Amino acid sequence: MNGEQAKTGFMKHALTGLAAALALGLAMTVAAQAENIRIGEINSYTGVAQSSQAYRNGADLAVAEINAGGGLLGRNLELISRDDSGSPDEAVRHAEALIKTDRVDVLTGSMLSNVALAVAKTAASEKKLFVVGDALSDAITLDKGNRYTFRLRPSTYTQAAMLAEAAAKLPGRRWAIVAPNYEYGQSAVANFKLLLKERRPDIEFVAEQWPALGKMRAEVVVKALRQARPDAIFNAAFGSDLQQFAEEGSRQGLFAATTVFSMSAGPTLGDVLAQYEGTKNWVVLGYPSEQLATPEHQRFREAYLKRFNDRPLLQAVFGYSTVMSIAAGIKKAGSVDSEKLVTAMRGLGVETPVGPITFRAHDQQSSMGAFVATLVCKDGRSNMTEWHYLDGARYMPDDNYIKGRRPASAMR
């Protein structure tokens, strides 16, 4: 072998060794990633950006705390986020990819009810645990419920029951409705009507407005409600629709002699609504983040402020509590196997920033409650006054109601 041949042989040997080293390094990286417990999070970052980001922040905080404490089952948690753009089809595409390509162990997220229902169907088909953090539709755990889907946030039934209890105390009889014309809005209104009528049979619903989600023509909606002269309004609009409703309703004087009971107002839009004079004294489901002084909430709030330099929104509580619930389920099951996780999650008790919750076994709905308060505005900022936390367990549908609506296959 001459010198040139020796040099060529040496180079081939070196390149082979380098390729082997790179392959080994890649294999070790893949193996390290595979060792992580992976949670796939799907939310509407394009359509509901502020709320989705707050949910992600809360989830990130929970993951960081769990990993700092040694992880779970000797492994770290890893959060993989995807944007569904408010589209059920897009959400399903992401869910399938997260399960089949990214090999996630659990799914979570979903702001919009129609998106959550689509992902839940995929989770059932793939037999993968799905813990809904935010979406409200009753169908998620009732009519279209399945064995693999749990929910953290109180349902439309539970929240409507809370507002109906307060609304029944009003002396007025004439009620109007404004709600987005899709799954969540329809469910919220049906429940509120049913539950308020049970308490006050004399109630009359004199007007209803059903704008398409994200396409409210506020001037038309408010004019129609004013013409009906209601004593009170039940509102299920949220996001930009709610802002437009509040602005136009204030401009037209709709709220001057009308009390508004709102499923959404306190959590994310309080400060926006504060600029409209007519929104004061709305009765809302909100989140008194700066007033809630329990030790568990103070610890959460301080940790959130330190990590993100911002006060938490209610969705941050949902994201944090959902990941902590998943972690508690994994710890109890001693596994990330979905079948074992379902068994472990049923009846699971979890500590959250707003107090202890339990995931009921028969409908897989958590007992998390909500804060009911009056919205007041001062110096361009909103505050919640006369607020109190209502334990969700007191307002959830009973066993007979659940058996009449939840599929038998979801109970196995």
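The values are calculated or read from the model by the stated rules, or taken from the named source; none is laboratory data. Keep in mind that what you see is a predicted model, and the values were worked out from it rather than measured. Reconstructed Cβ throughout: ideal geometry from the backbone, glycine too, with neighbour counts over all protein chains shown. These accessible areas exclude ligands, DNA and RNA; they are computed on the full protein's heavy atoms, side chains included. Shrake-Rupley method; radii C 1.70, N 1.55, O 1.52, S 1.80 Å.
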*Return a whole-number percent for the relative contact order of the chain, with Cα pairs under 8 Å and 6 or more residues apart as the contact set.*
17 percent
_Amide H of L77 versus every other amide H placed in the peptide plane: which residues, excluding those fewer than 5 positions away on the same chain, fall under 5 Å?_
I37, N67, L72
*In straight Cα distance, which lysines are under 18 Å from K144, not counting same-chain residues fewer than 8 positions off?*
K121, K127, K128, K403
*Could you sort H362, H297, H94 by accessible area so the largest value comes first, with the probe set to 1.4 Å?*
H362, H94, H297
*What do you reckon, how do R299, R82 stack up by accessible area (1.4 Å probe), largest on top?*
R299, R82
_Please give the Cα centre distance for region 159-219 versus region 317-384, rounded to the nearest Å._
26 Å
_Dipole magnitude of the chain, debye to nearest 20 (Cβ charges: Lys/Arg +1, Asp/Glu -1, about Cα centre)_ = 540 debye
_Anchor K306: aspartates and glutamates whose Cα lies under 14 Å away (excluding residues fewer than 8 positions away in-chain)_ = D60, E65
*With all protein chains present, how much of the accessible area of region 237-376 (probe radius 1.4 Å) comes from carbon and sulfur, to the nearest whole percent?*
49 percent
*Which helices of the chain meet both criteria: a Cα extent of 27 Å or more along the helical axis and a mean Kyte-Doolittle score no lower than -0.5, with helices taken as whole DSSP H segments?*
3-35, 49-68, 314-333
*Calculate, for the chain, the solvent-accessible area per residue in square angstrom, rolling a 1.4 angstrom probe over the heavy atoms of the protein chains.*
43 Å²
*Excluding R412 itself, what net charge comes from residues whose Cβ is under 14 Å from its Cβ, given Lys and Arg +1 and Asp and Glu -1?*
+3
*Summarise the accessible area of region 171-227 (1.4 Å probe, protein heavy atoms) by the percent that is carbon and sulfur.*
47 percent
_With every protein chain left in place and a probe of 1.4 Å, what is the accessible surface of E165, to the nearest 10 Å²?_
50 Å²
